[in-house]
6 protein chains.
Amino acid sequence: MVQVNDFTFSGLHMAGNTSNVVGSRVTPVFAAQVPGLNTLGISMARIDFPPWGINPPYTHPRASEILTVLECSLQVGFITSNPENRLIAKVLQKGDVFVFPQGLVHFQRNIGHTNAIAIAALSSQSPGVITIGNAIFGSNPDIPSDLLAKAFQVDKNIIYQIQSRF
Amino acid sequence: MVQVNDFTFSGLHMAGNTSNVVGSRVTPVFAAQVPGLNTLGISMARIDFPPWGINPPYTHPRASEILTVLECSLQVGFITSNPENRLIAKVLQKGDVFVFPQGLVHFQRNIGHTNAIAIAALSSQSPGVITIGNAIFGSNPDIPSDLLAKAFQVDKNIIYQIQSRF
Amino acid sequence: MVQVNDFTFSGLHMAGNTSNVVGSRVTPVFAAQVPGLNTLGISMARIDFPPWGINPPYTHPRASEILTVLECSLQVGFITSNPENRLIAKVLQKGDVFVFPQGLVHFQRNIGHTNAIAIAALSSQSPGVITIGNAIFGSNPDIPSDLLAKAFQVDKNIIYQIQSRF
Amino acid sequence: MVQVNDFTFSGLHMAGNTSNVVGSRVTPVFAAQVPGLNTLGISMARIDFPPWGINPPYTHPRASEILTVLECSLQVGFITSNPENRLIAKVLQKGDVFVFPQGLVHFQRNIGHTNAIAIAALSSQSPGVITIGNAIFGSNPDIPSDLLAKAFQVDKNIIYQIQSRF
Amino acid sequence: MVQVNDFTFSGLHMAGNTSNVVGSRVTPVFAAQVPGLNTLGISMARIDFPPWGINPPYTHPRASEILTVLECSLQVGFITSNPENRLIAKVLQKGDVFVFPQGLVHFQRNIGHTNAIAIAALSSQSPGVITIGNAIFGSNPDIPSDLLAKAFQVDKNIIYQIQSRF
Amino acid sequence: MVQVNDFTFSGLHMAGNTSNVVGSRVTPVFAAQVPGLNTLGISMARIDFPPWGINPPYTHPRASEILTVLECSLQVGFITSNPENRLIAKVLQKGDVFVFPQGLVHFQRNIGHTNAIAIAALSSQSPGVITIGNAIFGSNPDIPSDLLAKAFQVDKNIIYQIQSRF
């Protein structure tokens, strides 16, 4: 029998800890956090950014996203599929909303002088998050370096260098 | 060919006009406002409430909702289907999140002393909104008064009285 | 391993007991009654009405409905979403069929002189039923009366009066 | 703008013409007949059978079916997929309900002494109907006879004989 | 926790055993064989045919199919629903692809002089396979012979004859 | 009215031109190539690889994939979502099948001494393809280099170098 606690979550007014290399923090409110979301096809997250913090290029394998800027200014964008690979980007001000279609690579960056806050909603109770850098250069175990060198058309030493950061 | 404007909306930082009988205003960001949402299965809205303003009982015929309180305190709840008709309710503070499952009747009320703001996300690009009062007592043309009198088990004059407000 | 009994239900030729305040009875054939319906996206019900009996305004949170009149005449209707709140209504004779789109508020009333019978089919194995009166005025616990007074723009005593009937 | 006529159909109380070789008639109420059904995921049909009339083995490529016997007795069944090919069958009396899962071959036969009537609901606004006999032996143009002879492991003359009936 | 073996299958380069009355063999790679396919909405199969072997008329109750000829030539077709029952057919050469829409009856036959091989993909992790001959004439227990005689408009002895082969 | 040509495609037996920097070629058979695939939820592709050719890391925003090796040996893998970023990888021989769940980053590499061929099926008629390198380093216009430098934690000159290759 469902209880009220299955449908609620607290603390989204508090800034996440952004002391990390990219300078952002995602606080998820997915079915793993709120069991009442199961089968409902929706979830959300708060994203914090110090000045110049980025939410580095990522995708949701099972969801579209709609993002609202609560504080400061964000540069955001997504890239369309092959073969166009168009960058659809915009600088968002407080109160602006932006849509990232299902599965496309997207990113955000705080281009203001204060902390930025955004609220994102996702079209799945369990959208998944794939940070491209983590998936490509920080998997466990590593993707073979020579394969990545060919994929990104650079010397293997550059791949080693990037892999060492993840 | 898609353009950046198909994916964006501005002005959600501004309070909606709550000078109305219920004391709340929903500012929708649905596919009608943002064409890029089409087929993406998500949308959102801002809801404003002056002190004691309510978002009166309503449903979304095609969506679940997840709501976040940005300012002040909201009393919220939903009612489960027949035969239990349980009220699942909670007083939310700033930063609290609450889930309203697909199609269930739900409501919010500002129980604080200042303006309340909430952001809601919905699991459809075109969720629809049915305000129960409008649908039952304010349809065009009216539902027959004697039918409503029987449905709500009150004298027809009471139905006339309620219908006259809508 | 499935058995024939998982796919069958008996007794739908018998009138339901309509001795109640609204004057109708819904006999459901949902997945709770017929386990073989699970995942199949369909279910049905029989609805009985004595003369002037009503099936008071209700919604299905997870289904559209298609109704066929087997006996007598029914006045039926549904109300479209905000902002139009149009009543789409019709008097149905024996053999008439009517469609109630997903999640919209709808109702039926026997306007003939004999018992009316309808068969309804629903686009979910577990459609749910929300009788608006029960949800709004008969929930457990009650929705606060002053909230409902504001929602329906009437004196709180009228709300108490309606709540006392549920 | 939708009109009430988009949501209604008349005449389902009238028996279909069953003067044909199989002895049954399906009267469909699909989106082709009722445009308001579009996107709603449901439709229905009336089926008439004189004594010993059959609704010969058929499938719906895009729907499950739930059938209710309104008059007389029907012998009904469906066959599960490979490799079991179990026949799940039952004799239904007036008021009995039976479920045919999505895409499975099923049939009905009136085994009473009077006309039988059934109402069927389907989990698609456009379910499609494939009568196995028509598809296999009556297609336009024909499936090659020698292919069918091998498929059904009989002499080609028997296939010609069956094809000549369709 | 998922393991690599949940996502893999071996041996699809080996011909299936086609020593059977129809002269073909389907080697399925469905969720039953590869558990990682669960919820992913896809699966596949290899089909082998000696010269003149057929994959007799069949349907997938829950999937569309896309087939590629790897070796030799196949005559393939599907039949549209009632009332047209059009045969949409083609002779495919090595490297040709053909689509069989969801739930429609379809077949293949090797019309070349060597073994034919095809790879088929299906839009469900658990598509099901219904061989029409098996379902109609080889179910367990049998569909009543007189019902089938009427369905196919032939003498009951012919039905007995066909049933005896299955 | 549908025609047979709406459901067919030719030439998949021919090797794609792999004279490019990554050493692979995808020949798609999507709804853009075969209109009959529309609404059917499936499509496919042939992938060619010379020795050491790679299909560099990519995702399908709207589909899962199931791949079969027709010739030679492929090293394949996918990376799970945050936070694990596990590499699930395997060396496939001729006749091996591998599954790439919806939206996850995956890749293939020919590790044999001859040309490799694979057939892939996808759970959408319009799956989309995002080559990570193209989307991140070759978009039009470019993603800002300093944002990418931070995302991948390397000097901006390395980003410039990679961007210049795309």
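Taken together, the values in this text are just the output of simple stated rules run on the coordinates, not laboratory data. Small disclaimer: the values here were computed from a predicted structure and weren't measured. Reconstructed Cβ throughout: ideal geometry from the backbone, glycine too, with neighbour counts over all protein chains shown.
Annotations for the structure displayed:
- Here the calculated FRET efficiency for F:Gln163 and B:Val26, from their Cβ-Cβ distance with R0 = 35 Å, stands at 0.20, rounded to the nearest 0.05.
- The Cβ shell under 15 Å around A:Pro127 holds other residues with a net charge of +2, Lys and Arg each +1, Asp and Glu each -1.
- Environment charge of D:Gly23, counting only residues whose C-beta is closer than 10 Å and scoring Lys/Arg +1, Asp/Glu -1: +2
- For the axis carrying chain F to chain B: nearest C-beta residue of F, whole Å: F:Thr39, 7
- Relative contact order [Cα under 8 Å, 6+ residues apart], the stretch C:4-128, whole percent: 33 percent
- The Cβ shell under 15 Å around B:Met1 holds other residues with a net charge of -1, Lys and Arg each +1, Asp and Glu each -1.
- Across the alpha-carbon set of the stretch A:1-75, the Rg to Rh ratio works out to 1.00, Rh being the Kirkwood radius.
- Dipole magnitude (debye, nearest 20) for the stretch C:6-160, charges at Cβ of Lys, Arg, Asp, Glu: 160 debye
- Each residue of the stretch C:67-79 was assigned a 3J(HN,Hα) from its phi angle through the Karplus curve 6.51 cos²θ - 1.76 cosθ + 1.60 (θ = phi - 60°); the sequence is 10, 10, 7, 8, 9, 6, 10, 10, 8, 10, x, 9, 10 Hz, with glycine and proline shown as x.
- Footprinting exposure proxy for B:His13, B:His113, C:His60 (fewest neighbouring C-beta atoms within 10 Å first): B:His113, B:His13, C:His60
- For the stretch C:45-55, 3J(HN,Hα) per residue [Karplus equation, 6.51 cos²θ - 1.76 cosθ + 1.60, θ = phi - 60°, Hz, x = Gly/Pro]: 7, 9, 10, 10, 9, x, x, 6, x, 10, 9
- Helix axis angle, D:156-165 relative to chain D longest principal axis, alpha carbon, degrees: 30 degrees
- Going from the fewest other Cβ atoms within 10 Å to the most, the residues C:Glu65, E:Glu71 appear in the order E:Glu71, C:Glu65.
- Relative contact order of the stretch B:88-166, pairs being alpha-carbon contacts under 8 Å that are 6 or more residues apart, as %: 20 percent
- Computed label-point distance, nm, for sites C:Lys156 and E:Lys156 using a 7 Å Cα→Cβ extension: 7.9 nm
- Projected label points at B:Glu84 and D:Gln33, each 7 Å from Cα along the beta carbon direction, are separated by 3.9 nanometres.
- Descending semi-axes in Å of the stretch E:78-166, equivalent ellipsoid built from Cα gyration tensor: 29, 16, 15
- For a straight C-alpha distance cut-off of 18 angstrom, the aspartates and glutamates reachable from D:Lys156 (same-chain residues fewer than eight places away being disregarded) are D:Asp142, D:Asp146, E:Asp155.
- Distance histogram in 10 Å bins (all Cα pairs of the stretch E:4-128, percent per bin): 14, 43, 34, 9, 0
- The stretch C:110-115 - phi-based ³J(HN,Hα) in whole Hz, Karplus 6.51/-1.76/1.60, Gly and Pro as x: 6, 10, x, 9, 10, 5
- Percentage of interatomic Cα-Cα distances in the protein assembly as shown larger than 52 Å: 26 percent
- Teacher prompt: F:Pro51 distances to equivalent labels in other copies, 7 Å Cα→Cβ, nm: 3.8, 5.7, 8.2, 8.2, 9.4
- Gaussian network model of chain B, springs between alpha carbon atoms under 10 Å - residue of B:Val105, B:Val154, B:Val26 with greatest fluctuation: B:Val154
- Distant-in-sequence amide contacts of B:Glu71, defined by a placed amide H-H separation under 5 Å and a gap of 5 or more residues or a different chain, comprise B:Ile117.
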